[in-house]
1. By how many degrees, between 0 and 90 and to the nearest 10, does the Cα long axis of helix 135-167 differ from the longest principal axis of the chain?
2. What is the angle, in °, between the Cα long axis of helix 20-38 and the longest principal axis of the Cα atoms in the chain? Nearest 10 is fine, range 0 to 90.
3. Return the loop-located GluC sites (Glu not before Pro) in the range 66-148 (DSSP other than H, G, I, E, B) with at most 15 other Cβ atoms within 10 Å of their own Cβ; answer none if there are none.
4. Fewest first, what order do 18, 192 take by the number of other Cβ atoms within 10 Å?
5. If I take the Cα coordinates of the chain and project them onto the principal axes, what are the three extents in Å, biggest first?
6. Work out the length of the dipole vector of the chain about its Cα centre, built from +1 on the beta-carbon of each Lys and Arg and -1 on the beta-carbon of each Asp and Glu, and round it to the nearest 20 debye.
7. So what's the projected area for the range 132-199, the Cα convex hull averaged over all directions, in nm²?
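Taken together, the values in this text are just the output of simple stated rules run on the coordinates, not laboratory data. For clarity, every value in this text was computed on a predicted model and none was experimentally measured. Quick reminder, even Gly has a Cβ in these numbers, built from the backbone with ideal geometry, and neighbours come from all protein chains shown.
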Amino acid sequence: MNTMSASPAEACRGTLVWDLPTRVFHWLLAGSFAVAWLSAESERWQLVHVTAGYTVAGLVVFRLLWGLVGTRHARFGDFVRGPGAVLAYLKSLVRERPQHHAGHNPAGALAILGLLALAALTTATGWANYYEIGGDALEEVHEFLANAMLALVIVHVAAVVLSSLLHRENLVAAMIHGRKPVAPSEGIRTPWRSIGVLLLVAVLGFWWVQWQSAPAASATGPAATHRDNDDD
Ligand code: HEM
């Protein structure tokens, strides 16, 4: 797809691999998940929990779209591979000759798909709970999914650290500045800053609107607010 010819200065900084929307998406998702997790048990923080949950859901929708129309390494077509490719990658790790991928490696991609699927299911069941659909059983399912997601996040972060050590490249830094030490032919042409900024502004705007509604919601409680709406 898009390739770029790098100047010597650009070559030193590495090749742009992750566009801005993917990076903004990632850190907003990580932060929102952390906030949702930490605020889960407290009635007092319920609006924060729900806001973080809606943010995760919105981010997943965005990422599904961006996976279809985004830049080279953000596209599902670039990193979703069959079991054969995952096995071959894992074997390369065992043989201590790890395959190198400019984008996500096949095993990492599997975890990413799992995280997106769990994020979608966790937020859907959380939404149903909030509107008192499904009763205690669905609440249990919501909690189970959230725990499963936390477990996968731990695996994901451990794999990122391991992979960074094996390949002697800082994958976390790459998810921040977008660049990796790969050939310019592996890079993307544009960072799509406008879409990244738009995503950030949309999320901040949503948080602001939720913040504005905080006093009313905490006075009545979300379930009570919902019941009030039902009575209308
Ligand atoms: C301190 C915590 C975290 C770190 C350091 C981290 C780091 C990373 C890195 C380095 C990548 C790129 C991997 C690669 O090069 O193939 C990545 C991708 C990803 N991570 Fe994380 N991550 C963290 C937390 C999370 C959390 C909490 C979630 C989900 C709730 C998450 C979901 C994802 C997803 C979905 C991708 C794929 C990005 C994309 O293509 O859009 N990460 N992460």
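1. It works out to around 20 degrees.
2. Between helix and principal axis, roughly 40 degrees.
3. Those that pass, being in a loop and sparsely packed, are 96, 132.
4. 192, 18
5. 64, 38, 26
6. Dipole of the chain, to the nearest 20 debye: 1640 debye.
7. Projected over every direction and averaged, the Cα hull of the range 132-199 covers 7.6 nm².
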